[in-house]
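The values are calculated or read from the model by the stated rules, or taken from the named source; none is laboratory data. Nothing here was measured: the structure is a model prediction, and the numbers come from that model. Using ideal geometry, Cβ is built from the backbone for each residue, glycine included, and neighbour counts are taken over all protein chains shown. To get the accessible areas, we keep the full protein, side chains included, count just its heavy atoms, and leave off ligands, DNA and RNA. Shrake-Rupley method; radii C 1.70, N 1.55, O 1.52, S 1.80 Å.
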Amino acid sequence: MSNTIQPRPTKVFRFVRASYADGVAELAYAFDDGEEMVERIRFPNAPAIPAARTMAFDAALRLLHLVAGVSYYKAGVPPRIDVAAGPLDDATAELLDQLYLHGLAEFAYRNGLDLRGRISFPRLGAGTETERSRGGEAPVVGALDLPQRTLVPIGGGKDSLVAVEAIKAIGGEATAVWVGNSALIAACAERTGLPTLNIQRELAPALFELNRLGAWNGHIPVTAVNSAILAVAAILYGYDSIAFANERSASAATLEYDGQQVNHQWSKGYAFEQLLGDWLHTHVASDLDYCSLLRPYSELAITRAFAKLTPYFDVFSSCNRNFKLLGPKPADRWCGQCPKCHFVFLALAPFLPKPRLLSIFGRNLLDDESQAAGFDALLEYQDHKPFECVGEGAEARAAMYALSQRPEWQEDALVARFRSEILPQLDVSELALEPWLEPSAEHHVPARLQPALATIGG
């Protein structure tokens, strides 16, 4: 990379340009007067954009440019943000301010940064006649008569497969979609029997060079980026809904630090779902719905539903080590060491025969004393919940308590330890499994897909 700048002392992060041609979106960013960092999103077999959808497509592409920029902004976190296309209406600026602040909260916590008061996207003011007439707000858009079919993001784990089967159960037309090159996800998508759509995201090579030079690095709200990619895809290919599989507990913070809640899953949470869903209705198309089909349900309710989906047992994996950009992958789909392996094992255990669960993982994680610290973190015992997409501590405690009451699990090392060491410190009245299996009324699911909700909780 020529003319390389040092990212940390930079003053301005610039959204330079966004363009689209022949199935490829190009998103350009820069720090100060440095050279452009260009990301490319490739949409396979892309059709021509219908004339009636051109404005909607352009709006979705602009949002993708602004959202995907989070991957690059975090390299330098400069104090000023500049958008070459001009200032944003209030709703767009608010969405982005919230996303960058809360979506980067874990990144900030781990790097000892405080982003509060630092992130401010430029907004339309009241200085000109045009701006006064708009009042800082974008014009509300209408319906595009989009085809009634759903994009269902597949992540390779249990949750998205439960969502797929719920939509299939009501006869809904859907496509399994994913971003990236994961063979594991491709196998899961193939097993669903749905049409598939595999979109490619190519990060700017310059970002890796900045990281080598000591840029700030860490967790980003990747679900938000994928959501913006799928909003573009929905307009391009013609879908009226995007249905993620984010559960109720995704909204729960991992920890609170210095007065700020830090949630590893913020862009999977209900607050972001509402912000983006409402924004798409007012800025892209009033008939483009964005939701999480599993929002009313806890992780335990979802694992209970997944326990009935035996055709997926030999292809699914929630182990995040399968999906890292760099580093080794587990040889058998489950590393058995990470928080996701720990939580999925624990959450499935109350709902599957023990031999069946052990055959999925190839080992008994609860009979391994070396795993105690990992399960303690899930239980929020002497530690906070892991920075991972796992359920709430109270859920984990309910699952472990249920196992502690079952003879086939009681003698396993970590269950026995729970009974003797941890359980005496807990209130047994708060450990029941059943309340976690009841759905919440809080969700953003459109009327067309709501019948699918009833197929999940039974």
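At a threshold of 8 angstrom on Cα-Cα distance, excluding pairs fewer than six apart, so keeping six or more, what relative contact order does the chain reach in percent?
Taking the mean separation of contacting Cα pairs over the length of the chain, I get 16 percent.
One way to sum up the overall shape of region 57-213 is the equivalent ellipsoid from its Cα gyration tensor, whose semi-axes run 34, 25, 14 Å, largest first.
Normalising the average separation of contacting C-alpha pairs (under 8 angstrom, six or more residues apart) by the number of residues puts the relative contact order of region 374-416 at 24 percent. Computed from Cα positions, the angle between helix 222-237 and the longest principal axis of the chain comes to roughly 60 degrees.
With all pairs of different C-alpha atoms in the average, the Kirkwood value for the hydrodynamic radius of region 347-458 is 15.7 Å.
Separation of the alpha carbons by more than 22 angstrom is noted, of K74/K385; K308/K354; K340/K385; K74/K268; K158/K308; K168/K354, for K74/K385; K168/K354.
Multiply the residue separation of R363 and F313 by 0.36 nm, subtract the distance between their alpha-carbon atoms, and state the gained length in nm to one decimal.
The span from R363 to F313 would gain 16.5 nm if fully extended.
Averaging over all projection directions, the Cα-based convex hull of the chain occupies 22.5 nm² in the image plane. Of all DSSP beta bridges confined to region 134-289, the antiparallel ones make up roughly 20%. Could you check what % of the DSSP bridge pairs in the chain are antiparallel, to the nearest 5? Here the share of antiparallel DSSP bridges comes out near 50 percent.
Between 0 and 90 degrees, the angle of helix 339-348 with respect to the longest Cα principal axis of the chain falls at about 50 degrees.
What's the local net charge at H283, with K and R +1, D and E -1, over the other residues with C-beta under 10 Å away?
Net charge around H283: -1.
Normalised by the residues of region 132-267, what does the relative contact order come to in percent, with Cα pairs under 8 Å and at least six apart? Once divided by the residue count of region 132-267, the mean separation gives 28 percent. Once the Kirkwood radius over Cα pairs is known for region 195-353, the Stokes-Einstein relation at 20 °C and 1.002 mPa s delivers a diffusion coefficient of 117 µm²/s. Can you give the angle from 0 to 90° between the axis of helix 158-169 and the longest principal axis of the chain, with both taken from C-alpha atoms, to the nearest 10? Value to nearest ten degrees: 80. Taken over the C-alpha atoms, region 256-324 has Rg and Dmax values of 16.4, 46 angstrom. What a 1.4 Å probe finds exposed on the chain is 50% carbon and sulfur by accessible area, rounded to a whole percent. How many angstrom lie between the Cα centre of region 368-382 and the Cα centre of region 281-321? Centre-to-centre distance over Cα atoms comes out at 26 Å. Computed over protein heavy atoms with a 1.4 Å probe, the accessible surface of the chain works out to 40 Å² per residue.
Of the GluC sites (Glu not before Pro) in region 33-75, the ones in a loop by DSSP (not H, G, I, E or B) with at most 16 other beta carbons within 10 Å are E35, E36.
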